[in-house]
């Protein structure tokens with residue numbers, strides 16, 4: 001007697017993994033991305049600290065304006 005149904009792995013062609021398991025390579029990539037993010041943010045901080053005061057103020061003003069516009073956009077999208 002033959003089975004007339006297909007399992008999910010038969011249909012997709014792959015193995016079914018439990019939802020909680022992660023391949024080891026993915027954890028390594030996650031760590032690498034975290035370390036690279038830390039290095040980039042530290043480099044940005046060092047560069048920012050070496051800028052003249054007038055450029056620091058101008059960058060802070062631009063960042064504040066950008067953040068305020070994004071908050072306004074999000075509020076309008078959610079009708080807050």
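The values are calculated or read from the model by the stated rules, or taken from the named source; none is laboratory data. All values reported here derive from a predicted model rather than from experimental measurement. Don't worry about glycine lacking a Cβ; one is built from the backbone with ideal geometry, like all the others, and counts go over all protein chains shown.
The chain holds helices (runs of 4 or more DSSP H) entirely within its bounds, and those carrying 3 or more residues that are out of contact with any helix residue (DSSP H, G or I) (no Cβ under 9 Å at 6 or more places or on another chain) and at pLDDT 60 or above map to 24-49, 53-78. Within segment 39-50, residues that are surrounded by 10 or more Cβ atoms within 10 Å (Cβ to Cβ) sit with their Cβ atoms under 7 Å from residues that are assigned to a helix (DSSP H, G or I), at 6+ positions apart or across chains, in these pairs: 48/56.
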